[in-house]
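Worksheet for the structure shown next.
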Amino acid sequence: MNGLLTDLYQLTMAAGYHLAGKTGDRAVFELFMRRMPPNRNFVVAAGLQQAVEYLLNLSFGEEEVRYLKDLAQFSRMPERFFDDLRRFRFTGDLYAVPEGTPLFPGEPFLTLRAPLMEAQIPETYLLATVGFQSLVATKSARLVEAAGGRAVVEFGTRRAHSPEAGVLAARASYIGGCIGTSNTLAGFKYGIPVFGTAAHSWVQAFPNEAEAFRRLQDLLGAGTVYLIDTYDTLEGARRAAELGGEFWGVRLDSGNLAELARAVRVVLDEAGYRGAKIMATGDLNEHKILEFVAGGTPIDVFGVGTELVISSDAPNHGAIYKLVELETEGERRFTAKYSAEKSTLPGAKQVFRYAQRDVLSTADDCGTGDCEALLRPVIYGGKLIEELPSAAEARRNAMERVGRLPKKLRSLFECDPPWEVELSGRLKGLSETVRSEMEGNGG
């Protein structure tokens, strides 16, 4: 019962299709980006699991139908339209690239083939979940690249745009390469490792720092992470070391992190805790992390929150969902836009990935030479073909695929030239034919 989780105009168009007798039409829509978000050389695809769950459960309950009947926009609709909504289920097909796949402009994240109403209504949800998670997964991949082998943990739910967004951001961050999250629900739902011990309030809740540390170690033992900057950071490091016993490490959350990390490392090493780790948090991003790594700062783990879960330097995905084919009474028509700066290409497509380039072609192309077809069947006839990969499997896919990209593309800065996405002769020919037909028909 999530049929209302969409923009109103998706539903008014569905009603219009019904009045126009187009319920039997079959459509093909594609979700893709025209251009990269700012400061990005690729985007890591994420959000497919939520897209699939949405499509498989898409329906309208009786209360939702009554709500729509009371809206002025549907006052002219016959009862049979609302009966159709009561019976509404997704019966179409979904093709998608595996989560964790890096993509480039024009390449579909997913393709939907379904009756026109069924393909139109999901647009809003699909754009939201795929666009948001892909942005966060991409930001995560940048942070991990900057960390140069040091671990990154997602700590951002409290700064996310909603608690629900925090859960999805945790999942996307993990797919992009983070080793885990502070979000317990994400850990429960998706099997993501969870991290976190205590905040400044813990230290403040006891008469002194030493007792707070001792009580924390009583609770967590060797897994203890002491937050040492509530009062005096170096004194906090000394108190942690003086307690004795095993502990995981310490966390720095304020001050000059580079200087403090070096001083704390000395304190821990001299006390015999050479294996204790130093975690740093506090408004971190990939550029700050890159500076720490380049400077040899002894920080072992970076905890990143705000900058990651809202993808602060590229918060808008700009993804679009466009009709590319329509079949009416057995006759197929290819559709496209040719307006300036907002043009689209007609027909369902396939992406063929080669070692140094991609080729965007028609869906019925088989590719040539040593290449991989990225779009794969996921749902057929409204049924899931096979179980989707876990978040951990999607993470491994992302780490492998991003790792195979040229080093210049993995840079934190825009590269020139970017990854080449070539249009096949078949796709170019189809586009030229469709454009000529449109011009011949007056537009």
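Filtered by the rule that a residue be free of Cβ contacts under 8 Å to residues at least 60 places away in the same chain and either buried (at least 16 other Cβ atoms within 10 Å of the Cβ) or touching a strand residue (DSSP E or B) at 6+ places or on another chain (Cβ under 6 Å) (or both), the range 368-421 gives 371, 372, 373, 385. Selection within the range 177-198: residues that are part of a helix (DSSP H, G or I) and within 15 Å of the chain's Cα centre (by Cα). The member of this set that is farthest from residue 311 (Cα to Cα) is 190.
The number of residues in the range 226-264 that are more than 31 Å from the chain's Cα centre (by Cα), buried (at least 20 other Cβ atoms within 10 Å of the Cβ), of a type outside the set (Phe, Trp, Tyr) and not in a helix (DSSP H, G or I) comes to 2. Scoring residue 274 on the criteria (1) closer than 19 Å to residue 260 by Cα; (2) touching a strand residue (DSSP E or B) at 6+ places or on another chain (Cβ under 9 Å); (3) part of a loop (DSSP other than H, G, I, E, B) leaves a single failure, condition (2). Against the condition surrounded by 19 or more Cβ atoms within 10 Å (Cβ to Cβ), in contact with a helix residue (DSSP H, G or I) (Cβ under 8 Å, 6 or more places away or on another chain) and at negative phi, how does residue 17 come out, does it pass? Criteria met by residue 17. Residues in the range 288-314 that are hydroxyl-bearing (Ser, Thr, Tyr) and assigned to a loop (DSSP other than H, G, I, E, B): 297, 311, 312. Residues that are in a loop (DSSP other than H, G, I, E, B), in contact with a helix residue (DSSP H, G or I) (Cβ under 8 Å, 6 or more places away or on another chain), in contact (Cβ under 8 Å) with a residue 12 or more places away in the chain and of a type in the set (A, V, I, L, M, F, W, C) do occur in the range 159-176.
Elements of the type strands (runs of 3 or more DSSP E) sitting completely within the range 329-443 and holding at least 2 residues that are β-branched (Val, Ile, Thr): these cover 357-362, 376-380. Close Cβ contacts (under 7 Å, 6 or more residues apart or on different chains) running from residues in the range 70-81 that are closer than 16 Å to residue 13 by Cβ and assigned by TED's automatic domain parsing to the domain that holds residue 18 to residues that are β-branched (Val, Ile, Thr) and assigned to a helix (DSSP H, G or I) comprise 73/12.
One line per residue, one yes/no per condition, for (1) over 21 Å from the mean Cα position of the chain (by Cα); (2) of a type outside the set (Asp, Glu); (3) outside the structural domain of residue 106 (by TED's automatic domain parsing); (4) at pLDDT below 95:
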| position | (1), (2), (3), (4) |
| --- | --- |
| 269 | yes, no, yes, no |
| 279 | yes, yes, yes, no |
| 291 | yes, no, yes, no |
| 330 | yes, yes, no, yes |
| 342 | yes, yes, no, yes |
| 359 | yes, yes, no, no |
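Considered as a group, the residues in the range 203-225 that are outside any helix (DSSP H, G or I) and in contact with a Ser or Thr (Cβ under 8 Å, 6 or more places away or on another chain) include one that is nearest to residue 289 (Cα to Cα), and that residue is 225.
Among the residues of the range 282-296, the ones that are surrounded by fewer than 19 Cβ atoms within 10 Å (Cβ to Cβ) and touching a Leu at 6+ places or on another chain (Cβ under 8 Å) come to 3 in all. What do you reckon, is residue 179 touching a Cys at 6+ places or on another chain (Cβ under 9 Å) and surrounded by 14 or more Cβ atoms within 10 Å (Cβ to Cβ)? Spelling it out, it is not the case that residue 179 is touching a Cys at 6+ places or on another chain (Cβ under 9 Å) and surrounded by 14 or more Cβ atoms within 10 Å (Cβ to Cβ).
Among the candidates 165, 128, 137, single out the residue that is crowded, with 24+ Cβ neighbours inside 10 Å and modelled with pLDDT of 95 or more.
137
Selection within the range 23-49: residues that are in contact with a Ser or Thr (Cβ under 9 Å, 6 or more places away or on another chain) and of a type in the set (Lys, Arg). The member of this set that is farthest from residue 351 (Cα to Cα) is 26.
Anything in the range 146-158 that is more than 17 Å from the chain's Cα centre (by Cα), in a helix (DSSP H, G or I) and not hydrophobic (A, V, I, L, M, F, W, C)? List them, or say none. Once the filter is applied, which keeps residues that are more than 17 Å from the chain's Cα centre (by Cα), in a helix (DSSP H, G or I) and not hydrophobic (A, V, I, L, M, F, W, C), the range 146-158 yields only 158. Just checking, does the range 328-350 include any residue being crowded, with 17+ Cβ neighbours inside 10 Å, of a type outside the set (S, T, N, Q) and in contact with a Cys (Cβ under 6 Å, 6 or more places away or on another chain)? The answer is no, given that none of the residues of the range 328-350 is crowded, with 17+ Cβ neighbours inside 10 Å, of a type outside the set (S, T, N, Q) and in contact with a Cys (Cβ under 6 Å, 6 or more places away or on another chain). Quick one: would you say residue 99 is surrounded by fewer than 23 Cβ atoms within 10 Å (Cβ to Cβ), at pLDDT 95 or above, not aliphatic (A, V, I, L, M) and not assigned by TED's automatic domain parsing to the domain that holds residue 176? The answer is no for residue 99.
The values are calculated or read from the model by the stated rules, or taken from the named source; none is laboratory data. Remember, predicted model here, so these are calculated numbers, not experimental data. Every residue, glycine as well, gets a Cβ built from its backbone with ideal geometry; the counts of neighbours run over all protein chains shown.
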